[in-house]
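Read the structure below first, then the notes.
Bear in mind these aren't lab numbers, they're just calculated from the coordinates by the rules spelled out. If you're wondering where the values come from, they're calculated on a predicted model, not measured in any experiment. Quick reminder, even Gly has a Cβ in these numbers, built from the backbone with ideal geometry, and neighbours come from all protein chains shown.
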Amino acid sequence: MDVQRLQESFARMAMHGDAVPLFFYSDLFLRHPETRDLFPVSMAAQRDRLVHALGRIVSDVEHVDALGGYLQDLGREHRKFGAIAEYYPHVGTSLVATVAQFNGPAWTPELAADWKAAYDLIAQVMTGAAAEDAAARPAFWEATVVAHELRRFDLATFRVATTEPLHYLPGQSVSMESSERPRIWRLYSPANVPRDDLTMDFHVRMIDGGTLSMVLTRGLAVGARLRIGSPVGTLTYEPGTGRDVLLVAGSTGLAPLKAITEQISGLPDPPRVHLLFGARTADGLYDLTDLEKMAARHPWLTVIPVVSDEPGYPGERGMLHEVLARSGDWRGHDVYASGPTPMVEATVTQLMALGVPRGQIHLEDFGWSEP
Amino acid sequence: MTVSSRNGRLTPDQVQSISFPPARFGRRGLDEETVYSFCDQVQHELMTLLNEKASLWEEVERLRRRIIDSGDPTGARPEDAHIQAVRILSNAQQMADKYVADAQDYSRQLTQDARRQRDEVLAEAKKHAGRVLDEAHSRASRAADVMASEPGSVAGGEWRDRTAELAYLRTFSEVYRTHLRAYLETLLNNVEDWEQSEQASLAAARAELPFPFPSGTQGQSPPPAPGPTSYSSPPPGSSPYSTPPPPAPSYSSPPSYSSPPSSSPPPSSSPASSSSPSPARLP
């Protein structure tokens, strides 16, 4: 396989922008109409994802080792979309047809062979990982909503029960699909440690115009069915460091940190835990009552609510990173932060300026699996 | 803000010379809506250009192939038929994407508006409640003073105090109730206005529903009527190829980090009311 030749042909194709994935999917759906059902109505986001994934694979195609993990994740994650092994050759055919189409006169039999070889390699890694995964767990878990509470007009918590046990680490996330919005998967964090009764709690804030969040906040009733994907994410508690713990939660970023708090409460000798819970206004501190109950039960837990945009608020006021700078010396702490990206970034910058080693700061890193 | 030249297209000059107004008082940076609306416009223009480019390119390819296959320049080969089918399906998909994006934009704008209005209404209500309380208090105090200093009152000190207190409470509750009633009536009127305008906009939106097929193929559907109200046309931000929905909303943001704080103090349903008693929850 001539890597440079392959990459050049990809570059020639990539110049055509959105027309490329558009051609690819239309070609695939025409040749194999049954594959259309794997995708949502709107394909706009899907096309971006395809281009992004292809670009990543092609630019790294000579280091298959480095790509291995990525491709295996990709293969495993595609199980929940209904991608089965027999679809992989279909995708390969359409991919080669697409590269041919956009390479015009530059297309040669040698290039065709390169692409086919490269795709077969990719498909092999992906289907291999998928098959291995299938032996261990279902493609997705069926779940039923057993409780739903609208805490504010745009903030809800709900509890689901799965039919099969779903093993995750507190702090991890799972992707979720509602039959109301087929083929739209989004990541959410269970706010509890795994339970014997197979229930999980989720916290959702409605994004204006958000496809799934709108359904989950305002369109869910008890009895509604959801599908839940395999757990992902690395924001998990690292026990046994001997250090105390600082949790920094912005809005519904609280969910994974609440699960971690619950996990710590089960330890024989829990460390001291400070939980900073921030929102724009006091009514955004949707779970404070429960957190305060936890704090009352556990002397090692201190909950500090923080409000940024409400001048009359009697408690801590300011952005989370400002408050944590003036509320203690965190250098000897393990820090776990979760929330909107700008908040998390500001928190990390602040903590490092305060002398907390980067290695003690734990964040979410979804890697590729951001849906 | 919609920047446009005579033919409605965005030009490089316009992009270079664009200036954004500063944000409303109390907010940082530039006026967000204007910036986003301009970004939508740029995105729309880019998509148009890319699509034009793609179809031109396809045309070039078609012509090129025709020359290569000039043995039979008129006969369409099966390959061409497939490419044509791909093009038709691609167009249909793009149309579907546009409808979904438009619907999403519409819903985003509605929610944003509703959120803003809610914040404003709550802030206004809080201010109003504060004013009402102050007024009730000062009038009731006056009433109590009058009662306490009533000449000719033969009663003892305690009785007088009680009477003054009673006068205070009576006046306070009277003033408060009057204001509350007036305020609730205003709110009710607002809700009615709102309902009416929503009905009108829904009707307009329905009339404006996309009409995907050339007339004739769907005889029973009415043609799209020009909408009568300002709600009828898609808002400037509703670019057909607008950005995909925000990824992974799992940890949704308190807006404070993503946008400057709003100029009016946001409402509180918090224990902040310890300084001003419960009527702060009036709304």
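Annotations
- Residues of the range A:1-14 that are free of Cβ contacts under 8 Å to residues at least 60 places away in the same chain and closer than 14 Å to A:T98 by Cα: A:A11, A:A14.
- Residue in the range A:28-35 that is assigned to a helix (DSSP H, G or I), closer than 21 Å to B:A101 by Cα and more than 9 Å from chain B (Cβ to nearest Cβ) present: no
- Qualifying residue in the range A:146-167 (condition: within 14 Å of chain B (Cβ to nearest Cβ) and in contact with a Pro (Cβ under 6 Å, 6 or more places away or on another chain)): no
- From B:E195, B:E120, residue being in contact (Cβ under 8 Å) with a residue 24 or more places away in the chain and acidic (D, E): B:E120
- Every test in (1) within 14 Å of chain B (Cβ to nearest Cβ); (2) out of contact with any helix residue (DSSP H, G or I) (no Cβ under 7 Å at 6 or more places or on another chain); (3) under 17 Å from A:A123 (Cα atoms) is passed by A:D65 save one, and that test is (1).
- Number of positions in the range A:311-369 that are closer than 30 Å to A:L71 by Cα and not hydrophobic (A, V, I, L, M, F, W, C): 15
- Hey, A:R218 under 19 Å from A:S251 (Cβ atoms), more than 7 Å from every other protein chain (Cβ to nearest Cβ), more than 18 Å from the chain's Cα centre (by Cα) and surrounded by fewer than 20 Cβ atoms within 10 Å (Cβ to Cβ) or not: yes
- Flag for A:L111 being hydrophobic (A, V, I, L, M, F, W, C), touching an Asp or Glu at 6+ places or on another chain (Cβ under 9 Å), touching a residue at least 60 places away in the same chain (Cβ under 8 Å) and in a helix (DSSP H, G or I): yes
- Test: A:T93 is of a type in the set (S, T, Y), assigned to a helix (DSSP H, G or I) and surrounded by 19 or more Cβ atoms within 10 Å (Cβ to Cβ): no
- Restricting attention to the range A:36-50, the residues that are assigned to a helix (DSSP H, G or I), within 12 Å of chain B (Cβ to nearest Cβ) and not charged (D, E, K, R) total 3.
- Strands (runs of 3 or more DSSP E) completely within the range A:189-253 that count 2 or more residues being more than 28 Å from A:Q360 (Cβ to Cβ): A:199-205, A:225-228
- When the range A:301-317 is filtered for residues that are under 26 Å from A:A259 (Cβ atoms) and surrounded by 16 or more Cβ atoms within 10 Å (Cβ to Cβ), the ones remaining, listed by number, are A:L301, A:V303, A:I304, A:P305, A:V306, A:V307, A:S308, A:G315, A:E316.
- Residue within the range A:283-292 that is within 10 Å of another protein chain (Cβ to nearest Cβ), of a type in the set (D, E), surrounded by fewer than 24 Cβ atoms within 10 Å (Cβ to Cβ) and farther than 18 Å from A:V193 by Cβ present: yes
- B:Y176 being over 30 Å from A:E310 (Cβ atoms), touching a residue at least 60 places away in the same chain (Cβ under 8 Å) and assigned to a helix (DSSP H, G or I): no
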